[in-house]
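Chemist: One structure follows; several queries about it will come next.
The values are calculated or read from the model by the stated rules, or taken from the named source; none is laboratory data. Since this is a predicted model, take the numbers as computed values, not measurements. We place every Cβ from the backbone using ideal geometry, glycine too, and count neighbours over all the protein chains shown.
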Ligand code: NAP
């Protein structure tokens, strides 16, 4: 079994203490990754600060060229890295390859954006003055990532931070650190100057404290649970540390009677079962207008039964295991709670009788509003459906959540589309589209789903300071 080193200030560093990485399909330990302590993280921040001076001085074009080289490396190693993502996360191999494809696209998008960190000249109102708005990099950025899309969500932070001229330290989730090591190998191969992009692993809480306390760390970008996001907000108060937070979701799907039924079923299936339901933009509750409710259920259950669940490395598998026993237990509790409250279990509902954290893809109908799965993120292949009567009711139920990351609707009515667009309290809205994410559009949530946006031009702006320069020219 391989023990992977960390990447600190351009060096590969081996330590005695390690994290054991478990394959959720087999529960076997598949690799170990070295860890460091808080003092090493403090040193990494210092080194990143030293590297910042040289990196920010490069032109945007030169920084973009580095990002494109990292993308080239990732593309070259697509099959190998996809296999590693499947081994440590469990997702089907094709979805791991898709994650690499999207990571490459993000890198190339931000490589281009590096050339476009535009400021502006603003008309003056006092004689003799001129006003400039300029964008400058922030400094050292700390990035903390989750395990569900372990590569692409790290890249979504690292690529724009580097493009903007900052230096970055990544702390990946402890469940999935190996793909972060392989990404660091791509950074190394792309010959970025030492200290510009580093990788640490170890105690999340201690590292976060260092990032919060260390004045040289100028920004923390975090993807993970709302609970930890709130801890970071509290901790950031001391130094008023800027935070970008991509937190939990609880996406609704609204299916209206005027929708193309087959397209709606297909779209809802993607929102629910992609990444084994372990996606922050996964649908958690599917509301279907009463006139088509039973018909929709029939088709949805039929397609759910056809899903093949298994080890992501097996051919034809479209649903993998949950990440760990805790994730599986939570899903089983949500199913039990819903059925006890009167929901109909239409398929699935049980743990698979094999090694690993597998749950049968599950469909629950007539789920009452009080069921836990209608208000908490299930993060599993469990679809909870309920009927609605009117558009106003659907919007009210969709918005009745402290989360607001993504929402989906299926309808062919253009006027309804505009009403939904304006009234749904959500950072991302897919209309007849179950996969809304794309490099050039902002990704992020409202309410307790987070602060700020990744991707798009907003994703770059999140790592730039905006300065107003007022020039007294006397002309
Ligand atoms: P998590 O437990 O919050 O962990 C996320 C990251 O935070 C990991 O690297 C973790 O490190 C670290 N962490 C844990 N405790 C911390 C602390 N006290 N201070 C600072 N960092 C800490 O979340 P998760 O279970 O990995 O991810 C699932 C959640 O992420 C879901 O709620 C999902 O909706 C959300 N998510 C949101 C988005 C989005 O874009 N909005 C995308 C994906 C996922 P360790 O692994 O070492 O504990």
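Chemist: For residue 369, state whether it is touching a strand residue (DSSP E or B) at 6+ places or on another chain (Cβ under 9 Å), outside any loop (DSSP other than H, G, I, E, B) and at pLDDT 95 or above. I'd like the intermediate steps shown before the answer.
Modeler: Numbers: touching a strand residue (DSSP E or B) at 6+ places or on another chain (Cβ under 9 Å): yes; outside any loop (DSSP other than H, G, I, E, B): no; at pLDDT 95 or above: yes.
No, not satisfied.
Chemist: Just the residues that are more than 21 Å from the chain's Cα centre (by Cα) and surrounded by fewer than 18 Cβ atoms within 10 Å (Cβ to Cβ), please, taken from segment 204-218.
Modeler: 206, 209, 213, 215, 216
Chemist: Now, a different point. Could you count how many residues in segment 1-39 are more than 15 Å from the ligand (Cβ to nearest atom), surrounded by fewer than 18 Cβ atoms within 10 Å (Cβ to Cβ) and under 19 Å from residue 206 (Cβ atoms)?
Modeler: Residues flagged as more than 15 Å from the ligand (Cβ to nearest atom), surrounded by fewer than 18 Cβ atoms within 10 Å (Cβ to Cβ) and under 19 Å from residue 206 (Cβ atoms) within segment 1-39 amount to 4.
Chemist: If you take the residues of segment 182-203 that are in a helix (DSSP H, G or I) and touching a strand residue (DSSP E or B) at 6+ places or on another chain (Cβ under 6 Å), which of them is surrounded by the fewest Cβ atoms within 10 Å (Cβ to Cβ)? Working first, answer last.
Modeler: Initially, segment 182-203 is screened for residues in a helix (DSSP H, G or I), giving 182-189.
Filter once more, keeping what is touching a strand residue (DSSP E or B) at 6+ places or on another chain (Cβ under 6 Å): 184, 187.
Details: 184: 23, 187: 25.
Top of the filtered list is 184.
Chemist: Now, a different point. What's the number of the condition residue 178 fails, among (1) in contact (Cβ under 8 Å) with a residue 24 or more places away in the chain; (2) more than 10 Å from the ligand (Cβ to nearest atom); (3) surrounded by fewer than 22 Cβ atoms within 10 Å (Cβ to Cβ)?
Modeler: If we test residue 178 against (1) in contact (Cβ under 8 Å) with a residue 24 or more places away in the chain; (2) more than 10 Å from the ligand (Cβ to nearest atom); (3) surrounded by fewer than 22 Cβ atoms within 10 Å (Cβ to Cβ), just (3) comes out false.
Chemist: Could you list, in sequence order, all residues of segment 287-309 that are assigned to a loop (DSSP other than H, G, I, E, B) and farther than 22 Å from residue 251 by Cβ? Don't jump to the end; show me each part of the working.
Modeler: Kept after step one, since they are assigned to a loop (DSSP other than H, G, I, E, B), are these residues of segment 287-309: 306-308.
If the condition is that a residue be assigned to a loop (DSSP other than H, G, I, E, B) and farther than 22 Å from residue 251 by Cβ, then 306, 308 are the ones that fit.
Chemist: Determine which member of the set 69, 46 is closer than 21 Å to residue 8 by Cα, within 24 Å of the chain's Cα centre (by Cα) and surrounded by fewer than 21 Cβ atoms within 10 Å (Cβ to Cβ). Explain how you work it out, then say what you get.
Modeler: Working: 46 fails: within 24 Å of the chain's Cα centre (by Cα).
After ruling out the rest, the residue left standing is 69.
Chemist: With the checklist (1) buried (at least 18 other Cβ atoms within 10 Å of the Cβ); (2) outside any helix (DSSP H, G or I) in hand, flag the one item residue 52 doesn't pass.
Modeler: It fails just one condition, (2).
Chemist: How do the pairs read when you match residues in segment 212-230 that are farther than 16 Å from residue 154 by Cα with residues anywhere that are in a helix (DSSP H, G or I) and near the ligand (Cβ under 9 Å from one of its atoms), using Cβ under 6 Å and keeping only pairs 6 or more apart or on different chains?
Modeler: Note: pairs meeting the criteria are 212/235; 217/211.
Chemist: From the list 240, 228, which residue is surrounded by fewer than 23 Cβ atoms within 10 Å (Cβ to Cβ), more than 13 Å from the ligand (Cβ to nearest atom) and either within 18 Å of the chain's Cα centre (by Cα) or in a loop (DSSP other than H, G, I, E, B) (or both)?
Modeler: On the way: 228 fails: more than 13 Å from the ligand (Cβ to nearest atom).
Testing whether each residue is surrounded by fewer than 23 Cβ atoms within 10 Å (Cβ to Cβ), more than 13 Å from the ligand (Cβ to nearest atom) and either within 18 Å of the chain's Cα centre (by Cα) or in a loop (DSSP other than H, G, I, E, B) (or both) leaves just 240.
Chemist: So which residues in segment 204-225 are assigned to a loop (DSSP other than H, G, I, E, B) and more than 10 Å from the ligand (Cβ to nearest atom), if there are any at all?
Modeler: The initial filter retains those residues of segment 204-225 that are assigned to a loop (DSSP other than H, G, I, E, B), namely 214-216, 224-225.
Within segment 204-225, 214, 215, 216 qualify.
Chemist: Condition (residue is within 16 Å of the ligand (Cβ to nearest atom), part of a helix (DSSP H, G or I) and touching a residue at least 24 places away in the same chain (Cβ under 8 Å)) applied to segment 125-146: is it met by at least one residue?
Modeler: no
Chemist: Now for a different question. I'm trying to understand the selection: among the residues of segment 1-23, which are under 17 Å from residue 311 (Cβ atoms) and out of contact with any helix residue (DSSP H, G or I) (no Cβ under 7 Å at 6 or more places or on another chain)? Walk me through it before giving the result.
Modeler: Filtering segment 1-23 down to residues under 17 Å from residue 311 (Cβ atoms) leaves 21-23.
Across segment 1-23, the qualifying residue is only 22.
Chemist: Of the conditions (1) out of contact with any helix residue (DSSP H, G or I) (no Cβ under 8 Å at 6 or more places or on another chain); (2) farther than 25 Å from residue 111 by Cβ, residue 428 satisfies every one except a single condition; which number is it?
Modeler: It is condition (2) that residue 428 fails.
Chemist: Filter segment 84-96 down to the residues that are surrounded by 17 or more Cβ atoms within 10 Å (Cβ to Cβ) and not in a loop (DSSP other than H, G, I, E, B) and list them by number. Working first, answer last.
Modeler: Step one: filter segment 84-96 for residues surrounded by 17 or more Cβ atoms within 10 Å (Cβ to Cβ), giving 84-93, 95-96.
Hits for segment 84-96 are 84, 85, 86, 87, 88, 89, 93, 95, 96.
Chemist: Considering every residue within segment 115-124, establish whether at least one is buried (at least 24 other Cβ atoms within 10 Å of the Cβ) and in contact with a strand residue (DSSP E or B) (Cβ under 6 Å, 6 or more places away or on another chain).
Modeler: Looking for residues that are buried (at least 24 other Cβ atoms within 10 Å of the Cβ) and in contact with a strand residue (DSSP E or B) (Cβ under 6 Å, 6 or more places away or on another chain), one finds none in segment 115-124, hence no.
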